[in-house]
Amino acid sequence: MEPRRTADRRPVVEVRNHIADRWCDAESGRTQENRNPGDLTDVVSRSADSGPADALAAVAAAQAALPAWRALGPVRRGEIVLRAARLVAERRQEFGEAITREQGKLLKEALGEVDRTVALLEYTAGEGRRLGGATLPADDPRTVALTRREPIGVVGLVTPWNFPLAIPAWKVAPALVSGCTAVLKPSPLTPLTASLLVECFVRAGAVGGVLNLVHGGREVGEALVKEPAVAGVSFTGSVEVGRAIHTAGAHRFLRTQLEMGGKNAALVLADADLDAAADAIAAGAFGQAGQRCSATSRVVVDQAVHGELVRRLADRAAALRVGGGLDAAAQLGPVVSADRLRACVDGVRQALAEGATRVTGGERLTEGLPEGYFMAPTVLDGVRADSYIAQEEIFGPVLSVIECDGLDDGLRIVNSVRYGMAAAIFTKDPTLAFTALDRIEAGMLHVNRPGVGAYPHMPHIGAKESQYGPAECSPQVWDFYTEWRTACISY
């Protein structure tokens, strides 16, 4: 990566591919310019815009590196991941600023992502000493029966823009500890952060084609899915793309791990602490500008406390100060792109046409702000449970409020979507809380707290159309990157 500067002295980085231990341009020579979504005058990087030939070169490098990497063993591979974690921690501020400039989230949110990434890497590195099987009883005398795990081979890792450091890290780390070699294809919206991460892994010892990086768009992902040498693809993104990956690889039994969309609900019952609920819901809905697969985008509230909760949510949304990610006073940053901003505005417009009421927000903000993609924090009331905005992912700071009549009706509405990523319930009654935990159709559940993701050592998992394949960020992740072997040994 070769930095240079624009006339106003802000750095622009030439972001390149990393294939077989070499930083290189796309074979075509094409590049893509990336700008700060919170300040469009800030050119962050120019990245390689790669194609199938680059992807196949990366796969070949990973395939060549596989035997030696596999032979290294999980303990030594874990030590390399731990060294990478320490390098990321040492460069915390650099990573935070890179995330903020190219993705847009507030610097404090970006630094929080860096800290979470370090924790994820440390946890996964330690799993290298636990990546074993079991000894089992044998039917015959003087015989030992056992199981063990083996890496599946070369894997493709396709990652999104909303967590440009954490999600690549939580795919790369278990891939490498398991003994797989990898090709990482990050979102073309956030190439710089992924490049910095790969740089840390390379410096830590993931060399010789063990970890390859190819920047680009759809062509790169499609090439990874089609290439017979790729044994598995781990993907985070939309349901539509996840389904396309799975179906395109099904004929050759490609292993897939797909973490997809969410339309997550907070269920607020009549006995809830409304101030605490409003605080938690606002954090879940407007944190990172609502651009999380686990973000709270629906509030299902008992009609007995509906008006009181809406007032509290409106107050919290209206009080948020919107600004660029590097603005220390900002409490809500931009969305990532013009397309994402358009989806938010169009979603609100359609909701109003379907009978919803705008309580606050609902439009693009420009006054007093840098040129960027700023969406007002939005609360919509009177939303129908079957309307577009209640059913489909908007992926922005837009919160829909739906009334319910008690627990059973609330659970019906919560479960009425095709997604099942995350959910939260707010109540003082433990019986109601545990009843909801039993019946909500979502992978990550919370009681009286923001309904977002779990801790680094817990499964990051969805239900229904939010997930296909094993969980990430947990011992369950090895069920994707490894396959079982058995052995019976007579002596």
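Brief remarks on what is shown
- Boolean, THR431 is surrounded by fewer than 16 Cβ atoms within 10 Å (Cβ to Cβ) and of a type in the set (Val, Ile, Thr): yes
- Among residues of the range 78-126, those that are among the polar types (S, T, N, Q) and more than 18 Å from the chain's Cα centre (by Cα), counted: 1
- Any hit, the range 255-273, residues being without any contact (Cβ under 8 Å) to a residue 12 or more places away in the chain, under 25 Å from LEU341 (Cα atoms) and not aromatic (Phe, Trp, Tyr): no
- The range 481-491, subset of a type in the set (Ser, Thr, Tyr) and not in a loop (DSSP other than H, G, I, E, B), residue surrounded by the fewest Cβ atoms within 10 Å (Cβ to Cβ): SER490
- Residue pairs whose Cβ atoms lie under 7 Å apart, separated by 6 or more positions or on different chains, with the first residue in the range 105-127 and modelled with pLDDT under 95 and the second among the hydrophobic types (A, V, I, L, M, F, W, C) and surrounded by 24 or more Cβ atoms within 10 Å (Cβ to Cβ), do not occur.
- Any hit, the range 236-253, residues being farther than 30 Å from VAL379 by Cβ and touching a His at 6+ places or on another chain (Cβ under 7 Å): no
- Selected residue (criterion: surrounded by the most Cβ atoms within 10 Å (Cβ to Cβ)) from residues of the range 400-418 that are of a type outside the set (Gly, Ala, Ser) and in contact with a Cys (Cβ under 9 Å, 6 or more places away or on another chain): VAL414
- Search result, residues across the range 98-108 that are crowded, with 19+ Cβ neighbours inside 10 Å and part of a helix (DSSP H, G or I): ALA98, ILE99, THR100, ARG101, GLU102, GLN103, LEU107
- Identification of strands (runs of 3 or more DSSP E) wholly contained in the range 229-343 with 3 or more residues that are under 19 Å from the mean Cα position of the chain (by Cα) yields 230-236, 255-259.
The values are calculated or read from the model by the stated rules, or taken from the named source; none is laboratory data. These numbers were taken from a predicted model, which means no experiment stands behind them. Cβ coordinates were reconstructed from backbone atoms using ideal geometry, including for glycine residues, and neighbour counts include every protein chain displayed.
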